[in-house]
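Taken together, the values in this text are just the output of simple stated rules run on the coordinates, not laboratory data. Remember, it's a predicted structure, so these values are computed and weren't measured experimentally. No Cβ is skipped: glycine too gets one built from the backbone with ideal geometry, and neighbour counts run over all protein chains shown.
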Amino acid sequence: MVVDDAGDTTRLAAPARRVVSLIPATTELLFAIGAGDAVVGRTTWCDYPAAALAAPDLGDGIAPNIEAVLGRRPDLVLLYTSGRNAAAAERLRSMGIATVQLRTDLLSDVTRVGTLLGRLTGHDREAAGLEERFDSALAEATVDATADVPSVFLLVWAEPPMTVGAGSYLSELLQRAGGRNTYDDLPTSSGQVSIESVVARSPDAILVLGDSTPAFASRPEWQAVAAVRERRFVMASGSQFAHPGPRAPEAIRSLARTLAQLP
């Protein structure tokens, strides 16, 4: 028996053997704990590990195609906890399919959700091993705090400018890598900001999701931001930056190397 992040209780008579995982983070975790063979359906965004791509792509994980899910004959469906998934969860449960809604937003969710998935799939021992390895790797990757901490603007969307606050995975990665979120005082996990506000806060660098100079950097209005004019970008490329998972220590080390090279 497990209680999910929507407050619902799920009971399985036996470990799940056919899992539709509609959260990239849970798909990665299932493979990490040795339950990858049970994954019979995934989202378009589940790109890691490579073996996950062998499972049928069922589209988006929010408001999923129920018929496509049912076509995989799952004994367990994993959904992200969202109001837009509530109806899907209710319908699946009404048809006798165990459905678990989970939040996978923070570093602390990696071992918490991994332990829960281990219980659901009969891989408790492997999940415990993952927790031990992950906690150790996270501690080793974390940079000791210094007085000279660069301020980094986490730009997750350019038009209009969107950033994330302290209560976000990217902000956690940045802090552990030796940086400070320029908008760590944002009262919400994410929000829209103005270019004028970015100018006023004068970040030392801008983190962008990708591996090349972003298109917004050539726009006239962004030239008011010194970090844009001087091309002080921190590139964050790969799904390890998009959701919490076992590769988070790798993401932290990558950020730390880039931050150390800032002028």
> Among A242, A13, A55, whose mean-square fluctuation peaks in a Gaussian network model of the chain (Cα, cutoff 10 Å)?
Replying inline: A13
>> Using each residue's phi in the stretch 83-95, evaluate 6.51 cos²θ - 1.76 cosθ + 1.60 at θ = phi - 60° and report the 3J(HN,Hα) Karplus result to the nearest Hz, with x for Gly and Pro.
In response: x, 6, 9, 4, 5, 5, 4, 5, 5, 4, 5, 5, 9
>> Using Stokes-Einstein with the Kirkwood hydrodynamic radius over Cα pairs, what translational diffusion coefficient do you get for the stretch 2-139 at 20 °C and a viscosity of 1.002 mPa s, in µm²/s rounded to a whole number?
In response: 146
> In what order do L207, L78 fall by count of nearby beta-carbon atoms within 10 Å, going from fewest to most?
Replying inline: L207, L78
>> Please list, in order along the stretch 252-257, the HN-Hα scalar couplings obtained from phi with the Karplus expression 6.51 cos²θ - 1.76 cosθ + 1.60 (θ = phi - 60°), rounded to whole Hz, x for Gly and Pro.
In response: 5, 4, 4, 5, 4, 5
> How would you rank E131, E159, E196, going from fewest to most other Cβ atoms within 10 Å of each one's own Cβ?
Replying inline: E159, E196, E131
> What percent antiparallel are the DSSP beta bridges of the stretch 2-139, to the nearest 5?
Replying inline: 15
>> Given the options F216, P246, G118, identify the residue whose Cα lies farthest towards the positive end of the charge dipole of the chain (+1 on Cβ of Lys, Arg; -1 on Cβ of Asp, Glu).
In response: G118
>> Could you work out how much longer the chain between M162 and A54 gets when fully extended? Use 0.36 nm per residue separation minus the Cα distance between them, nm to one decimal.
In response: 35.5 nm
> Considering the chain as a Gaussian network with a 10 Å cut-off on Cα pairs, which listed residue, T146, T99, T213, attains the greatest mean-square fluctuation?
Replying inline: T146
> Once both labels are modelled 7 Å past Cα along the beta-carbon direction, what's the R11-R133 spacing in nm?
Replying inline: 3.4
>> For the chain, take N as its residue count and report Rg(C-alpha) divided by 2.2 N^0.38 Å.
In response: 1.09
>> Averaged across orientations, what area in nm² does the convex hull of the alpha carbons in the stretch 151-260 project?
In response: 6.1
> Over the chain, what is the percentage of antiparallel beta bridges among all DSSP beta bridges, to the nearest 5?
Replying inline: 25
> When DSSP beta bridges are limited to those with both residues in the stretch 151-260, what percentage is antiparallel, rounded to the nearest 5?
Replying inline: 35
> If you build a Gaussian network model of the chain, linking Cα atoms that sit under 10 Å apart, which residue out of L138, L107, L186 swings the most?
Replying inline: L186
